[in-house]
Amino acid sequence: MYVLRLSDPEALEALCEFFRRVHVAAQPAPDGTVRASIPGAASDLHERREIAGYVTTWNALNPHSTVELAGHEDE
């Protein structure tokens, strides 16, 4: 699972819904971050690149509510 940090906590559910629409499993965490993964991804590298692409897309569409790929839960 990848950890995503959002600059605007009020957009947390909108971010999760955005990811779910593109078939990314996304759940808000108690610490205000989002845990995201791509079930069935071909590899860890593919999963990271795809999530990073969706983060870039979100940031382009929501300049006042940016997301940062903060890392992997295992890191």
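The values are calculated or read from the model by the stated rules, or taken from the named source; none is laboratory data. Keep in mind that what you see is a predicted model, and the values were worked out from it rather than measured. Here Cβ is always computed from backbone atoms with ideal geometry, including for glycine, and neighbour counts include all displayed protein chains. We work out accessible area using only protein heavy atoms, side chains counted, and drop any ligands, DNA or RNA first. Shrake-Rupley method; radii C 1.70, N 1.55, O 1.52, S 1.80 Å.
Numbers at a glance
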| item | result |
| --- | --- |
| Nearest-20 debye value, the chain charge dipole, Cβ charges on Lys, Arg, Asp, Glu | 240 debye |
| Pairwise label distance in nanometres, Asp31 with Leu45, each label 7 Å out on the Cα-Cβ vector | 2.8 nm |
| Carbon + sulfur, % of accessible area of the chain - ligands and nucleic acids excluded, 1.4 Å | 52 percent |
| 5 angstrom amide H check on Ala70, placed H, neighbours 5+ away | Val3, Leu4, Arg5 |
| In Hz, Karplus ³J(HN,Hα) per residue of segment 2-17 (6.51, -1.76, 1.60; θ = phi - 60°; x = Gly, Pro) | 9, 9, 10, 10, 10, 6, 10, x, 5, 9, 4, 5, 5, 5, 4, 5 |
| Gain in span if fully extended, Asn59 to Met1, counting 0.36 nm per residue against the direct Cα distance | 18.9 nm |
| Calculated from backbone phi, Karplus (6.51, -1.76, 1.60) coupling profile of segment 30-46 in Hz, x at Gly/Pro | x, 7, x, 9, 10, 9, 10, 8, 10, x, x, 4, 4, 7, 4, 5, 4 |
| Mean Cα-pair separation over length for the chain, i.e. relative contact order, pairs under 8 Å, 6 or more apart, % | 43 percent |
| Given [x] 21, 60, 19, 0; [y] 21, 55, 22, 2; [z] 14, 21, 22, 19, 14, 7, 1, the label whose value is P(r) over Cα pairs in 10 Å bins from 0, in percent derived from this model | [x] |
| Residue-by-residue Karplus 3J(HN,Hα) for segment 57-62, coefficients 6.51, -1.76, 1.60, Hz, glycine and proline x | 5, 4, 4, 5, 8, 9 |
| Å² per residue, accessible surface of the chain at 1.4 Å | 60 Å² |
